[in-house]
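Just below is one structure, and these are the notes that go with it.
The values are calculated or read from the model by the stated rules, or taken from the named source; none is laboratory data. Not measured: the values here are computed from a predicted model. A quick note on method: Cβ atoms are made from the backbone with ideal geometry, for glycine too, and the neighbour counts reach across all protein chains shown.
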Amino acid sequence: MKTTSITTIAKRFFAGSLLAAALFLSVHANAAAGTAVSADNKVEVKYTGVDKFNQLSFNVKYSNPNGNAFYLTVLDENGEALYKGVYSDKQFDKTFKLPKSEVSKLTFVIDGGKEAFKQKFDVSIKTEVVEDVVVSKS
């Protein structure tokens, strides 16, 4: 049987802590990169993560101070509408959930209708699975 010294255990613990910290920071960096705001700060589309049902979650906010009717459309990678809606909320805030396995690109379009306002937000979705398996002799 192989014996393991305290220094070896400490080194492994330290290396594991660094790896965990790096993963934690990279997740937060990706989440921060998942927000897009229009130039005039009227529209915000934000990726909020994956829920427990393995669905992608996006939050759309739109500041519409006049309360004019506007159209919100969500398109898939083929340009087909996944969702269409007409709203007139002054402070629009809605969360959209989509199955992770079914989409690779989304486009959120907010069209002011009579108002000369139109914003498009393209979302590219890339999923990577990393398996890290270590087999050691004890």
**Item:** Enumeration of residues in region 54-101 that are part of a loop (DSSP other than H, G, I, E, B) and either over 21 Å from Thr127 (Cβ atoms) or out of contact with any strand residue (DSSP E or B) (no Cβ under 8 Å at 6 or more places or on another chain) (or both)
**Value:** Asn64, Pro65, Asn66, Gly67, Asn68, Ala69, Asn78, Gly79, Glu80, Ser88, Asp89, Lys90
**Request:** Determine the pairs where a residue that is within 25 Å of Lys46 (Cβ to Cβ), located within region 125-138, has a partner that is in a loop (DSSP other than H, G, I, E, B) with Cβ atoms under 7 Å apart, the partner being 6 or more residues away or on another chain.
**Result:** Ile125/Val103; Ile125/Ser104
**Prompt:** Within region 77-85, is even one residue modelled with pLDDT of 90 or more and either surrounded by 15 or more Cβ atoms within 10 Å (Cβ to Cβ) or not assigned by TED's automatic domain parsing to the domain that holds Asn41 (or both)?
**Reply:** no
**Prompt:** Given the conditions (1) outside any strand (DSSP E or B); (2) modelled with pLDDT of 90 or more; (3) of a type in the set (A, V, I, L, M, F, W, C), which single one is not true for Val135?
**Reply:** (2)
**Item:** region 86-105, residues that are modelled with pLDDT of 90 or more and of a type outside the set (D, E, K, R)
**Value:** Val86, Tyr87, Ser88, Gln91, Phe92, Thr95, Phe96
**Asked** Is one or more of the residues making up region 46-57 at pLDDT below 50, small (Gly, Ala, Ser) and farther than 18 Å from Val129 by Cα?
**Response** no
**Prompt:** In the list Thr107, Thr127, which residue meets the criterion of being among the polar types (S, T, N, Q) and either within 16 Å of Ser38 (Cα to Cα) or assigned to a strand (DSSP E or B) (or both)?
**Reply:** Thr107
**Test: residue in region 95-112 that is among the small types (Gly, Ala, Ser), under 27 Å from Lys42 (Cβ atoms), assigned by TED's automatic domain parsing to the domain that holds Asn41 and surrounded by 14 or more Cβ atoms within 10 Å (Cβ to Cβ)** = yes
**Prompt:** Any idea which of Val37, Val43, Val60 is closer than 15 Å to Gln119 by Cα, among the β-branched types (Val, Ile, Thr) and either modelled with pLDDT under 85 or touching a His at 6+ places or on another chain (Cβ under 6 Å) (or both)?
**Reply:** Val37
